[in-house]
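Worksheet for the structure shown next.
The values are calculated or read from the model by the stated rules, or taken from the named source; none is laboratory data. None of these values were measured; they are calculated from a predicted model. Neighbour counts are summed over all protein chains in view; Cβ atoms, including those assigned to glycine, are modelled from backbone coordinates with ideal geometry.
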């Protein structure tokens, strides 16, 4: 893991910065759900709640992969 130092306005908390970065990295598929939760200093369940409040999908699968999964379910 790498350490990055940022300067942010006084009115922006470390908690908010960590959460925002974690959400964006998750949305861009740079980190897994678990990694994003850890970055935000939250358990996975609480991170999922934060994603939901910000209208970010918890399911972060590429469309083609999701289609393949659905085909597999249809075969059962």
Q. How about region 39-53: which of its residues are more than 10 Å from the chain's Cα centre (by Cα) and surrounded by 16 or more Cβ atoms within 10 Å (Cβ to Cβ)?
A. 42
(Q) Could you list, ordered by first residue, the pairs with Cβ atoms under 8 Å in which the first is in region 1-12 and part of a loop (DSSP other than H, G, I, E, B) and the second is at pLDDT 90 or above and surrounded by 10 or more Cβ atoms within 10 Å (Cβ to Cβ), at least 6 apart or interchain? (A) 6/17; 8/17
Q: Of the conditions (1) at pLDDT below 90; (2) touching a helix residue (DSSP H, G or I) at 6+ places or on another chain (Cβ under 8 Å), residue 19 clears all except one; give me its number.
A: (1)
Q: For region 13-38, name all the residues that are assigned to a loop (DSSP other than H, G, I, E, B) and crowded, with 17+ Cβ neighbours inside 10 Å.
A: 31
